[in-house]
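Chemist: Okay, handing you the structure first.
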Amino acid sequence: MMCMNFFHRLKARSRKPQASSSSKSHDISPDTFSSVKDVKMETSNFSIQIFSRDELLKATDNFDSAKKLGDGSSGTVYFGKLYDGRAVAVKQMKENDPNRVEKFMNEIEVLSRLRHQNLVSLYGCTSRHSRELLLVFEYITNGSVADHLHGEHAKLQGMTWSTRMNIAIETASALAYLHASDIIHHDIKTSSVLLDKNFYVKLAGFALCRLFPSDVTHVSTVPRGTPGYIDPEYQQTKKLTCKSDVFSFGVVLMELVSSKPAVDITRPRHQINLSTMAMNMIQNHALNQLVDPCLGFESDLKVRRMISAVAELAFQCLQCEKEMRPSMLYVLEELKSIQRRDFEADGNS
């Protein structure tokens, strides 16, 4: 298989956003930057392996249902084995999705230019003119955080608080890196946080990502994402910012604390959304009713203090007004501080 210059070097747009000379906030509309693919990246020269559809059909045994790893909002993922023996995850983009080409390009252009130990690696793809749009990722062996909190893995063995804390820090690290690179993930959820055999995080799910240049205040876009994780202010104003990812990450933190799904229609009406339930319980000093009892919240003083500190941080992330939420860099540093803190020695923590 050949490696080729990825489709073409992105051309400069005839018009680029100019920094505002006034104090007014300004934004990017969908007509200006509908996605990452609209932005000129002068230093980017994508080199990515292009696979044929037949190769990937063979790798997945014609997309055998027995090899299906999961379904997502943008496509179905199958386990495969390449001709060179590499185990891979092949994403088959949904044919009936009118935005499938945009999502396909988003994942390629973000993952082919960014490198971070907690981002999933992209091996290649089919041509965008192929009969099917297929993406080839490294295979992450241990499923997602959602699997370990709510799925089959959870029934076998629950994750310790120490493991959950590491997952929170590594996910925050990946997000802080994206934000420093002017990228909004736009679909943070526990099913997008993959785990390898050693429980190291590999963040995936970049189909909805957006560029967020430093000289603008927000991106105007029709609200998309996963119910239970969507920033309420973004839903109302249609203005997407990095703080929208912060809100979603707050939901992830509370899932790690509680082992409860982000949305559960079997819960009482005011508790269907985990974000609402968590905010109410934290405000009412009832965190103990929310925490997964398997974590040792009642029996281990250090664990109780760490979980309480993480819940307090999640409370900040889940504020309805984005200005009240911290940055991902702050969240990352605070999580590291909580992990390092000697709660047993500090009686005031």
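The values are calculated or read from the model by the stated rules, or taken from the named source; none is laboratory data. Just so we're clear, the structure is a prediction, and the values are computed from it rather than from any experiment. Note that each Cβ is placed from the backbone with ideal geometry, even for glycine, and that neighbours are counted across all protein chains shown.
Chemist: Go through (1) buried (at least 22 other Cβ atoms within 10 Å of the Cβ); (2) modelled with pLDDT of 95 or more and name the single condition Glu107 misses.
Modeler: Among (1) buried (at least 22 other Cβ atoms within 10 Å of the Cβ); (2) modelled with pLDDT of 95 or more, Glu107 violates only (2).
Chemist: From Leu135, Leu56, grab the single residue that is over 30 Å from Thr163 (Cα atoms) and either out of contact with any strand residue (DSSP E or B) (no Cβ under 6 Å at 6 or more places or on another chain) or not in a loop (DSSP other than H, G, I, E, B) (or both).
Modeler: The match here is Leu56.
Chemist: Take the residues of segment 302-326 that are of a type outside the set (Asp, Glu) and exposed (fewer than 14 other Cβ atoms within 10 Å of the Cβ): which is nearest to Tyr229 (Cα to Cα)? Don't jump to the end; show me each part of the working.
Modeler: First pass over segment 302-326, keeping only residues of a type outside the set (Asp, Glu): 302-311, 313-320, 322, 324-326.
Add one more test, that the residue is exposed (fewer than 14 other Cβ atoms within 10 Å of the Cβ), and what stays is 320, 324.
Numbers: Cys320: 12, Met324: 17 Å.
Filtering first and then ranking leaves Cys320.
Chemist: Kindly evaluate Ser44 against the criterion of being outside any strand (DSSP E or B), at pLDDT below 95 and either in the same structural domain as Asp187 (by TED's automatic domain parsing) or in contact with a Phe, Trp or Tyr (Cβ under 9 Å, 6 or more places away or on another chain) (or both).
Modeler: Judged against the criteria, Ser44 is a match.
Chemist: Any residue at all in segment 168-175 that's more than 18 Å from the chain's Cα centre (by Cα) and among the charged types (D, E, K, R)?
Modeler: Scanning segment 168-175 turns up no residue that is more than 18 Å from the chain's Cα centre (by Cα) and among the charged types (D, E, K, R).
Chemist: Quick one: which residue in Val303, Val291, Val310 is of a type in the set (Val, Ile, Thr) and under 21 Å from Asp245 (Cα atoms)?
Modeler: Val310
Chemist: If you check Ile307 against the conditions, is it closer than 17 Å to Leu287 by Cα and either assigned to a helix (DSSP H, G or I) or at pLDDT 95 or above (or both)?
Modeler: For Ile307, the condition - closer than 17 Å to Leu287 by Cα and either assigned to a helix (DSSP H, G or I) or at pLDDT 95 or above (or both) - is met.
Chemist: Another question, then. Six or more apart or on different chains, Cβ atoms under 9 Å: show the pairs whose first residue is in segment 287-298 and within 16 Å of Ala154 (Cα to Cα) and charged (D, E, K, R) and whose second is modelled with pLDDT of 95 or more and in a loop (DSSP other than H, G, I, E, B).
Modeler: From residues that are within 16 Å of Ala154 (Cα to Cα) and charged (D, E, K, R), the pairs are Asp292/Ser259; Asp292/Lys260.
Chemist: What number of residues within segment 149-170 are modelled with pLDDT of 95 or more and in a helix (DSSP H, G or I)?
Modeler: Final tally of qualifying residues: 11.
Chemist: Cβ-Cβ under 7 Å, sequence separation 6+ or interchain: first residue in segment 224-250 and modelled with pLDDT of 95 or more, partner of a type in the set (Phe, Trp, Tyr) and assigned to a helix (DSSP H, G or I). Which pairs?
Modeler: Listed by first residue and then by second, the contacts come to Asp231/Phe247; Ser244/Tyr234.
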